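Structure first, commentary second.
The values are calculated or read from the model by the stated rules, or taken from the named source; none is laboratory data. Everything numeric here is computed off the predicted structure, so don't read it as measured data. Note that each Cβ is placed from the backbone with ideal geometry, even for glycine, and that neighbours are counted across all protein chains shown. Ligands, DNA and RNA are stripped out before the accessible areas are found, and what is left, the full protein with its side chains, is counted by its heavy atoms. Shrake-Rupley method; radii C 1.70, N 1.55, O 1.52, S 1.80 Å.
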2 protein chains.
Amino acid sequence: MTPRVYLAGPDVFLREPMAAAERKKELCQAYGFEGVFPLDAELDLGALEPRAAGLAISRANERLIRDCQLLIAQVTPFRGPSADVGTAFEMGFARALGLPVYAYTNVASDFTTRTREFVRTVRARTNRVIEDQDGMEIENFGLADNLMLVGAVEHSGGKLVSFDAPANARFTGLEAFQECLRLAKRDL
Amino acid sequence: MTPRVYLAGPDVFLREPMAAAERKKELCQAYGFEGVFPLDAELDLGALEPRAAGLAISRANERLIRDCQLLIAQVTPFRGPSADVGTAFEMGFARALGLPVYAYTNVASDFTTRTREFVRTVRARTNRVIEDQDGMEIENFGLADNLMLVGAVEHSGGKLVSFDAPANARFTGLEAFQECLRLAKRDL
């Protein structure tokens with residue numbers, strides 16, 4: 001059976017999400033995988049109020065993940081120093097199910113560097129701990145994002161690929177995604 | 001057996017995380033629960049390099065969640081319009097395990113409003129869809145955060161409590177947390 005890969009990421013927010021999905025699915029196929037995109041459930045949302053539509057999408061996506069054998073998450077920083085929270089949620093969901101979790105980011109700087117740039121103030125709390133203007137610690141583990149995300153990738157047997165894509169391909173560049181596919185094909 | 005509640009949230013980044021943990025645990029006890037805080041594993045991280053320490057914490061937290069019967073997540077917006085990604089990850093993890101997921105936020109405005117304030121530009125893509133300066137869609141479902149987070153709460157039988165805490169209690173206010181405990185005690 002062709003292993004099914006859930007394609008988590010902010011790609012769903014792109015102007016042409018289905019075109020982006022197609023490009024990823026073609027690459028999946030080239031590496032012996034079947035790509036599953038969050039919008040694949042083909043829900044009929046037309047008649048639903050916004051809130052009900054949002055909840056229906058959530059339910060459909062959970063079902064799609066349960067039907068996959070691995071997950072590749074785009075963790076490119078999204079509206080802040082971290083990955084999109086929907087993507088983070090889906091990584092946690094897949095991890096608890098025991099799926100290998102792969103991830104890629106098109107911004108290669110580390111999480112601490114990005115957070116330092118994002119917050120208004122950085123100050124030392126102790127010798128080893130830095131915090132922001134609200135006294136909230138800034139994670140400083142030399143990781144690509146929050147430790148739960150990176151830990152899930154590591155502990156699940158996946159890989160995290162960091163790559164600096166051009167600014168105009170921040171959410172669309174697929175070099176790092178393709179590298180995840182190559183590694184997954186090699187390892188699984 | 002006293003049900004164990006995993007206390008997800010950015011509380012771990014506070015200056016005095018163990019004091020914050022104690023306050024939450026006392027409230028848990030008052031409602032018949034045992035609170036489990038992310039830092040409860042008492043890892044000996046002293047000898048580890050930062051990266052190894054981060055991964056050890058991730059592994060310990062996953063184990064703690066697996067040992068709980070429900071989860072209450074603080075989803076107060078953290079360095080951007082959304083919840084902390086580590087918290088989002090843990091919600092997904094708990095949801096996949098079938099745990100009831102409760103959540104609270106100390107900022108009651110909805111996700112679309114917060115995202116509109118955060119991005120540089122908001123423009124119409126179609127009649128129903130708005131997007132930011134990068135052409136990335138802004139979720140507009142009338143929910144408190146990304147639909148995967150809110151959906152997990154709803155579908156798992158939990159509740160999401162929104163409350164406007166004073167600015168100086170943004171990450172420490174416990175009114176909404178306590179309401180989650182009250183609802184969990186009533187429902188479980």
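Could you please find all residues in segment B:116-133 being touching a residue at least 24 places away in the same chain (Cβ under 8 Å) and more than 7 Å from every other protein chain (Cβ to nearest Cβ)?
B:Glu117
Take the residues of segment B:134-148 that are aliphatic (A, V, I, L, M) and part of a loop (DSSP other than H, G, I, E, B): which is farthest from the other protein chains (Cβ to nearest Cβ)?
Ranking the qualifying residues of segment B:134-148, first place goes to B:Ala144.
Restricting attention to segment B:74-83, which residues are out of contact with any Asp or Glu (no Cβ under 7 Å at 6 or more places or on another chain) and either surrounded by fewer than 20 Cβ atoms within 10 Å (Cβ to Cβ) or at the interface with another protein chain (Cβ under 7 Å from one of its Cβ atoms) (or both)?
Once the filter is applied, which keeps residues that are out of contact with any Asp or Glu (no Cβ under 7 Å at 6 or more places or on another chain) and either surrounded by fewer than 20 Cβ atoms within 10 Å (Cβ to Cβ) or at the interface with another protein chain (Cβ under 7 Å from one of its Cβ atoms) (or both), segment B:74-83 yields B:Arg79, B:Gly80, B:Pro81.
Return the residue satisfying two criteria in turn: it lies in segment A:153-177 and is open to solvent by 70 Å² or more (accessible area, probe 1.4 Å) and under 11 Å from A:Tyr104 (Cα atoms), and of such residues it is nearest to the chain's Cα centre (by Cα).
The residue in question is A:Lys159.
Could you list, in sequence order, the residues of segment A:85-110 that are open to solvent by less than 20 Å² (accessible area, probe 1.4 Å) and either among the acidic types (Asp, Glu) or more than 16 Å from A:Leu64 (Cβ to Cβ) (or both)?
A:Val85, A:Ala88, A:Glu90, A:Tyr102, A:Ala103, A:Tyr104, A:Thr105, A:Asn106
Filter segment A:149-179 down to residues that are touching a helix residue (DSSP H, G or I) at 6+ places or on another chain (Cβ under 9 Å) and in a loop (DSSP other than H, G, I, E, B), then give me how many there are.
9
Could you please find all residues in segment A:112-129 being touching a strand residue (DSSP E or B) at 6+ places or on another chain (Cβ under 9 Å) and closer than 27 Å to B:Phe93 by Cβ?
Listed by number, the residues that qualify are A:Thr112, A:Thr115, A:Val119, A:Val129.
Scanning segment B:178-188 for residues that are in contact with a Leu (Cβ under 8 Å, 6 or more places away or on another chain) and of a type in the set (A, V, I, L, M), which turns out surrounded by the fewest Cβ atoms within 10 Å (Cβ to Cβ)?
Among those residues, the one meeting the criterion is B:Leu188.
Listed here are the residues, each with its yes/no results for (1) among the charged types (D, E, K, R); (2) assigned to a helix (DSSP H, G or I); (3) in contact (Cβ under 8 Å) with a residue 60 or more places away in the chain.
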position: A:Asn61; (1), (2), (3): no, yes, no
position: A:Leu71; (1), (2), (3): no, no, yes
position: A:Phe78; (1), (2), (3): no, no, yes
position: A:Thr87; (1), (2), (3): no, yes, yes
position: A:Met91; (1), (2), (3): no, yes, yes
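Residues that are open to solvent by less than 10 Å² (accessible area, probe 1.4 Å), in a loop (DSSP other than H, G, I, E, B) and free of Cβ contacts under 8 Å to residues at least 40 places away in the same chain: does segment B:27-49 have at least one?
Yes, segment B:27-49 contains a residue that is open to solvent by less than 10 Å² (accessible area, probe 1.4 Å), in a loop (DSSP other than H, G, I, E, B) and free of Cβ contacts under 8 Å to residues at least 40 places away in the same chain.
Within segment A:1-26, track down each residue that is within 16 Å of A:Leu188 (Cβ to Cβ) and over 14 Å from the mean Cα position of the chain (by Cα).
Once the filter is applied, which keeps residues that are within 16 Å of A:Leu188 (Cβ to Cβ) and over 14 Å from the mean Cα position of the chain (by Cα), segment A:1-26 yields A:Met1, A:Thr2, A:Pro3, A:Arg4.
So B:Arg23 ticks every box in (1) basic (Lys, Arg); (2) under 26 Å from B:Met148 (Cβ atoms); (3) in contact (Cβ under 8 Å) with a residue 24 or more places away in the chain but one. Which box is left unticked?
Here B:Arg23 clears every test but (2).
Restricted to segment A:8-43, and to residues that are within 16 Å of A:Gly173 (Cβ to Cβ) and in contact with a Phe, Trp or Tyr (Cβ under 6 Å, 6 or more places away or on another chain), which residue is farthest from the other protein chains (Cβ to nearest Cβ)?
If we take residues in segment A:8-43 being within 16 Å of A:Gly173 (Cβ to Cβ) and in contact with a Phe, Trp or Tyr (Cβ under 6 Å, 6 or more places away or on another chain), then A:Ala21 is farthest from the other protein chains (Cβ to nearest Cβ).
Looking only at segment B:11-45, count how many residues are of a type in the set (A, V, I, L, M, F, W, C) and touching a Ser or Thr at 6+ places or on another chain (Cβ under 8 Å).
Result for segment B:11-45: 3.
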